[in-house]
Amino acid sequence: MTNANKVNRHHHVVDNDFDIHHVDETSPLLPDSGTGADPLKCHHPEYLSWLSEMVFLTQASIPVILAYMLQNSLQTLSVLIVGRLSSEALAVAAFSYMFAMATAWLIALGGSSAIDTLASSSFTLSSAKDKSQVGILLQRGLFVLTGFYAVIAILWVFLSEPLFRLLGQPEEICVGSAQFLRLLTPGGLGYVWFECMKKFLQAQGLYRAGTYALLITAPLNAILNYVFVYTLDMGILGAPIATGISYWLSFFLLVGYYAFLIHPYTESPCWGGFQPHLALRNIKPFAKLAFLGIIHVGTEWWAFEIVALAAGRLGTLPLAAQSVVMTADQIINTIPFGLGVAESARLGNLLGAGRPDAARRSAHSAAILSVVFGGLISTALLAGRYQIGGLFNSDREVIALVAEVIPYVALFQIADGLNGSCGGALRGMGRQWVGAAVNSVSYYGGALPGGIWLAFNGGWGLAGLWMGQCVALSLVGVLEWVIVGMSDWEEEVVKAGERLDRDD
């Protein structure tokens, strides 16, 4: 294939409405309504457009979902390797990564949604022949999220130990996790930059790059953890160093993928060089979107952390069952979250290209897909409710309690899917604040306090906590789909252009 052909395949804006075949890294993103199109394709039935969009989103979301599963596996494998040292080491590592997830990883996954919103629209903006603005947005994201991360780094290094004591954690957790997080601090920035680079590539329709990088990094991470922890005899303190190296390696693999496999064959590249004077100009709109993205994702994650802390007060057995259910739910949650991330980039592309009808169809297609996925997951959970606990624990009481709670988890899978897909659509529209508001009202305005009341005063125990989550997610899922459905898509196209003008 010539360089010119490669360029055209990567950057020509053509019609996805009619192509329901295999989608890969070089597949066209958007419709071509220009001359020369097949007349039969120009008068296709409406249902083919919907089918085409669902196929596109399914194939685009699969590598994103796999990437998040592999990404989570880095810390999961680290915990498993450290767990062979002692139960205390296992507790310290698990608690440390949980705290990292609720703080720094939240900045990476929520804050980088500003890149979803702005870079994806900028990439397909009909008036923009120069794609280098996408690279400026990447650099702006690196600057802004590094600033946010600096606050978390200070917390980890200087304040984590007294904070853990304030939260009533055992002394070995307070001391051990504080040391663990100090050593994880340099690597945590690699996690943030990796997520920014992923969003930069996804805005261009390159959904598989993160998966490729993590397929290399994940096994290397396990080897590094083993070498640092056991071979070099560093014990538990070797784990954060090894995992931090893996995060940075993942980032540099993505940089190499773009620099050597994409950029040289692109007529109008999205990277125009390092330009800090442009990236730091008018940074406030980007920072606002990033902050609201953190709140949008964080309001849900923090609610689950509150449930985990509350479960600990119910006793050892409920805490063990909660750990099993939470681990299973974190794995499952990568499916709606990955679909939402793919939809964010897709919707931003369509809005930037001035395609309101296609944008509406894409948002609803993602919601319909999430209902289908949620129904399948719910069925699988109910069918395996008595086996799931045994995968993580051999205690019969724990297995029985997990089986008791799983129906509540299964009940909210469709709602959780809508939360993921519609939340992704809202981020693609730059309406992170709407998702944050809906989450705050749904979780903290009644469902979470109600679940805690059921657990401790209503006699429901652990099931009460999960009933609260079920109610909250149902409210979030339904409300977000209604809000997305009521959107004025012509106006959203205009707003997308205005956002890019303000962010220049």
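Read the figures in this text as sums done on the coordinates, not as results from a lab. Model, not experiment: these values are computed from the prediction. Glycine also receives a Cβ, built like all others from the backbone with ideal geometry; neighbour counts cover every protein chain displayed.
Explain nothing, just compute: Karplus ³J(HN,Hα) = 6.51 cos²θ - 1.76 cosθ + 1.60, θ = phi - 60°, for every residue of segment 61-76 in order, whole Hz, x for Gly and Pro.
Whole-Hz 3J(HN,Hα) from phi for segment 61-76: 7, 4, x, 5, 4, 4, 4, 5, 4, 5, 4, 5, 5, 4, 7, 5.
Report the charge-dipole magnitude of the chain in Debye, nearest 20, computed about the Cα centre from +1 at each Lys and Arg Cβ and -1 at each Asp and Glu Cβ. Could you put the intermediate results ahead of the total?
Numbers: 27 positive and 36 negative charges, 132 e Å.
Around 640 debye, computed over the chain.
Residue by residue through segment 227-238, which ³J(HN,Hα) values in whole Hz follow from phi under the Karplus form 6.51 cos²θ - 1.76 cosθ + 1.60 (θ = phi - 60°), with glycine and proline marked x?
Going residue by residue, I get 5, 5, 6, 10, 5, 8, 6, 8, x, 4, 6, x Hz, with x marking Gly and Pro.
Please work out, to two decimal places, the log10 of the ratio I(q)/I(0) at q = 0.07, 0.08, 0.15 Å⁻¹ from a Debye calculation in which every Cα of segment 63-281 carries one identical scatterer.
-0.24, -0.31, -0.94
Could you give me the ³J(HN,Hα) list for segment 477-482, computed from phi with Karplus coefficients 6.51, -1.76, 1.60 and θ = phi - 60°, whole Hz, x at Gly and Pro?
Whole-Hz 3J(HN,Hα) from phi for segment 477-482: x, 5, 4, 5, 5, 4.
Could you list, bin by bin from short to long, the percent of Cα-Cα pairs of segment 150-270 in 5 Å steps?
2, 11, 16, 17, 15, 14, 10, 7, 4, 2, 1, 0
Could you tell me which of 364, 469, 173 has its Cα farthest along the dipole of the chain towards the positive end, charges placed at Cβ (Lys, Arg +1; Asp, Glu -1), taken about the Cα centre?
About the Cα centre, the residue reaching furthest to the positive side is 173.
Please compute, over every Cα-Cα pair in segment 296-504, the percentage with a separation greater than 21 angstrom. Working shown, then result.
Values: 11729 of 21736 pairs.
Counting pairs separated by more than 21 Å, the tail of P(r) holds 54 percent.
Can you compute the charge dipole magnitude of segment 63-281 about its Cα centre, using +1 on each Lys and Arg Cβ and -1 on each Asp and Glu Cβ, nothing else charged? Give it in debye, rounded to the nearest 20.
540
Do me a favour and compute the ellipsoid semi-axes for the chain from its Cα gyration tensor, root of five times each eigenvalue, largest one first, whole Å.
38, 27, 21
Taking N as the number of residues in segment 129-216, what is its alpha-carbon radius of gyration divided by 2.2 N^0.38 Å? Working shown, then result.
Details: Rg = 17.4 Å, N = 88, 2.2 N^0.38 = 12.1 Å.
Rg over 2.2 N^0.38 Å, computed on Cα atoms: 1.44.
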